[in-house]
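Read through the structure below, which is laid out as structure tokens, and then see the notes.
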Amino acid sequence: MTRQPTRRPTDEVHLTDDEFSPPSSLLNLPWIDCHNHAQTLSWEDRERYSLTGCQGMVMVASGYHWTPYKPVEAEDIRFLWDDVINRRRTIERNHFFEARLAFGVHTGVPIANPDDLFAAMDEYCRAEPVVALGETGITPAQHVQSWGLDEQRTVVGTQMELAADHDLPIILHTPNKRPADQPTYRAGVGTPGYEKNTNLTQDPVLTGENPALEAVRMDIDIADEVGLTEDQIVASHADPNNVDFLLSETECYASFTLGYPWLTGVTAADVADAIDRYGPDRILVETDCANVLRTDVRSVKRAILELYRLGVDEDDIRQVVLTNPSAVFGFDY
Ligand SMILES: [Zn+2]
């Protein structure tokens with residue numbers, strides 16, 4: 001034991017011969033955010049990606065929150081696609097990370113004339129910064145107006161066919177099963193932290209015991225039907241409700257959204273648990289940060305440290321935050 005100059009023994013005496021040496025290399029580990037909507041965030045939010053070592057990201061242009069009009073028409077979605085193309089390069093030049101793109105047709109609201117989008121989507125798939133399609137996937141309940149399951153199947157299947165044709169991965173929006181211990185907020189106001197008029201949420205078109213899981217099962221069935229291989233699917237919003245299905249019954253990647261645990265209950269502990277049970281090969285993490293939600297750009301960086309505290313090896317952390325997303329989305333890290 002090293003001699004100490006203190007008047008009486010301190011904690012230091014008990015820790016100086018301690019074998020534990022926190023890996024400072026994790027402080028500088030680059031990471032990739034494989035699903036966010038950074039084009040909708042502020043300059044300072046995007047700066048936080050740089051400051052926390054985010055080296056690359058997939059900016060997803062698929063959402064109904066940002067369309068100007070409801071109900072939504074194909075032109076509204078085209079605007080979202082063009083907007084992200086318009087911003088991408090200037091974002092890279094300002095913030096130094098590599099920003100790649102994903103285009104998708106979300107099923108969170110019906111689109112009046114989706115065929116017009118699919119006719120154009122083929123061309124968007126050829127654009128150089130495009131690395132994925134999505135996010136999309138069967139949604140149990142829509143905003144403003146319902147969209148039937150048959151129509152949703154067609155919308156998801158057509159995008160999967162395009163992904164197969166262009167050899168691109170597709171990002172699935174898998175519905176979260178929200179934790180049971182959610183607070184009850186003031187009636188009629190909506191969910192604080194989520195800038196969405198929840199009064200406009202429609203009755204579900206998919207019901208049953210576990211519609212959130214059933215939606216994912218339907219997505220995988222559609223992929224199998226249209227010939228998209230499961231290893232081209234990145235199932236975003238992995239959670240305890242769907243992770244066993246995804247990692248034991250499919251070949252998909254499971255990507256954990258860490259940016260808003262107050263809504264989903266999903267944290268680094270779920271990622272550590274999945275790595276422990278299934279290994280790191282098909283696990284990814286993402287912030288899914290967007291302007292409509294209280295989301296945390298630093299959540300993946302924080303998880304890098306938290307995963308180590310939870311007992312995950314440094315190599316496995318690197319694989320989950322950097323090498324897996326790099327391989328899946330064609331970054332060169
Ligand atoms: Zn998203």
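The values are calculated or read from the model by the stated rules, or taken from the named source; none is laboratory data. The structure presented is a predicted model; accordingly, all values stated were derived computationally and were not measured. Here Cβ is always computed from backbone atoms with ideal geometry, including for glycine, and neighbour counts include all displayed protein chains.
For the stretch 173-188, enumerate the residues that are surrounded by 10 or more Cβ atoms within 10 Å (Cβ to Cβ) and more than 16 Å from Leu149 (Cα to Cα). Once the filter is applied, which keeps residues that are surrounded by 10 or more Cβ atoms within 10 Å (Cβ to Cβ) and more than 16 Å from Leu149 (Cα to Cα), the stretch 173-188 yields Asn176, Lys177, Arg178, Pro179, Gln182, Tyr185. The lone criterion from (1) within 30 Å of Val321 (Cα to Cα); (2) over 42 Å from the mean Cα position of the chain (by Cα) left unmet by Ile32 is number (2).
Of the residues making up the stretch 278-300, those that are over 27 Å from Ser248 (Cα atoms), within 11 Å of the ligand (Cβ to nearest atom) and of a type in the set (Val, Ile, Thr) are Val292, Thr295.
In the stretch 1-24, the residues that are over 22 Å from Gly311 (Cβ atoms) and without any contact (Cβ under 8 Å) to a residue 40 or more places away in the chain form Cβ pairs under 9 Å with partners that are in a helix (DSSP H, G or I) and not β-branched (Val, Ile, Thr), at six or more places apart or across chains, as follows: Met1/His14; Thr2/Glu12; Gln4/Glu12; Thr6/Glu12. Among the residues of the stretch 245-263, those identified as in a loop (DSSP other than H, G, I, E, B) and crowded, with 17+ Cβ neighbours inside 10 Å are Thr250, Cys252, Leu258, Gly259, Tyr260.
The set of residues from the stretch 54-72 being more than 16 Å from the ligand (Cβ to nearest atom), modelled with pLDDT of 95 or more and either surrounded by fewer than 17 Cβ atoms within 10 Å (Cβ to Cβ) or closer than 18 Å to Leu133 by Cα (or both) comprises just one member, Gly56.
Looking only at the stretch 28-41, count how many residues are free of Cβ contacts under 8 Å to residues at least 60 places away in the same chain and surrounded by 10 or more Cβ atoms within 10 Å (Cβ to Cβ).
Taking the stretch 28-41 as the starting set, the residues that turn out to be free of Cβ contacts under 8 Å to residues at least 60 places away in the same chain are 28, 39.
If we keep only those that are surrounded by 10 or more Cβ atoms within 10 Å (Cβ to Cβ) too, we end up with 39.
Number satisfying all stated conditions: 1.
Residues that are free of Cβ contacts under 8 Å to residues at least 60 places away in the same chain, surrounded by fewer than 18 Cβ atoms within 10 Å (Cβ to Cβ), in contact with a Ser or Thr (Cβ under 8 Å, 6 or more places away or on another chain) and outside any helix (DSSP H, G or I) do occur in the stretch 92-101, at least one of them. Cβ-Cβ distances below 6 Å connect no pair with a first residue in the stretch 210-226 that is in contact (Cβ under 8 Å) with a residue 12 or more places away in the chain, a second residue that is surrounded by fewer than 15 Cβ atoms within 10 Å (Cβ to Cβ) and part of a helix (DSSP H, G or I), and a separation of six or more residues or different chains.
This table checks each residue for (1) more than 16 Å from the ligand (Cβ to nearest atom); (2) surrounded by fewer than 15 Cβ atoms within 10 Å (Cβ to Cβ); (3) assigned to a loop (DSSP other than H, G, I, E, B).
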{"position": "Asp115", "(1), (2), (3)": "yes, yes, no"}
{"position": "Ala119", "(1), (2), (3)": "yes, yes, no"}
{"position": "Glu128", "(1), (2), (3)": "yes, yes, yes"}
{"position": "Val156", "(1), (2), (3)": "no, no, no"}
{"position": "Gln159", "(1), (2), (3)": "no, no, no"}
{"position": "Asn199", "(1), (2), (3)": "yes, yes, no"}
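Against the test of being surrounded by fewer than 18 Cβ atoms within 10 Å (Cβ to Cβ) and in contact with a strand residue (DSSP E or B) (Cβ under 6 Å, 6 or more places away or on another chain), the options Gly311, Gly279, Gly227, Gly330 yield a single qualifying residue, Gly330.
Screening the stretch 47-65 for residues that are free of Cβ contacts under 8 Å to residues at least 60 places away in the same chain and not small (Gly, Ala, Ser) and picking the one that is farthest from Cys289 (Cα to Cα) gives Leu51. Restricting attention to the stretch 289-308, which residues are surrounded by fewer than 19 Cβ atoms within 10 Å (Cβ to Cβ) and of a type in the set (A, V, I, L, M)? Selection gives Val292, Leu305.
Does Thr6 satisfy being on the phi < 0 side of the Ramachandran plot, out of contact with any strand residue (DSSP E or B) (no Cβ under 8 Å at 6 or more places or on another chain), in a loop (DSSP other than H, G, I, E, B) and within 16 Å of the ligand (Cβ to nearest atom)? Criteria not met by Thr6.
Would you call Glu75 modelled with pLDDT of 95 or more, away from the ligand (no atom under 16 Å from the Cβ), surrounded by 14 or more Cβ atoms within 10 Å (Cβ to Cβ) and more than 30 Å from Arg282 (Cβ to Cβ)? Show your work before the answer.
Values: modelled with pLDDT of 95 or more: yes; away from the ligand (no atom under 16 Å from the Cβ): yes; surrounded by 14 or more Cβ atoms within 10 Å (Cβ to Cβ): yes; more than 30 Å from Arg282 (Cβ to Cβ): yes.
Yes; evaluated as a whole, the condition is true for this residue.
Restricting attention to the stretch 319-333, and to residues there that are assigned to a loop (DSSP other than H, G, I, E, B) and more than 14 Å from the chain's Cα centre (by Cα), which single residue is nearest to Ile233 (Cα to Cα)? Write out each step before concluding.
Going residue by residue through the stretch 319-333, those that are assigned to a loop (DSSP other than H, G, I, E, B) are 329-333.
Applying the additional criterion that residues be more than 14 Å from the chain's Cα centre (by Cα) yields 330-333.
Numbers: Gly330: 14, Phe331: 17, Asp332: 20, Tyr333: 20 Å.
If we take residues in the stretch 319-333 being assigned to a loop (DSSP other than H, G, I, E, B) and more than 14 Å from the chain's Cα centre (by Cα), then Gly330 is nearest to Ile233 (Cα to Cα).
Could you list, in sequence order, all residues of the stretch 264-318 that are assigned to a helix (DSSP H, G or I) and either of a type in the set (S, T, N, Q) or touching a Cys at 6+ places or on another chain (Cβ under 8 Å) (or both)? Spell out how you get there, then give the answer.
Keep residues of the stretch 264-318 that are assigned to a helix (DSSP H, G or I), which gives 264, 268-278, 299-309, 314-318.
Result: Thr264, Ser299, Val300, Lys301.
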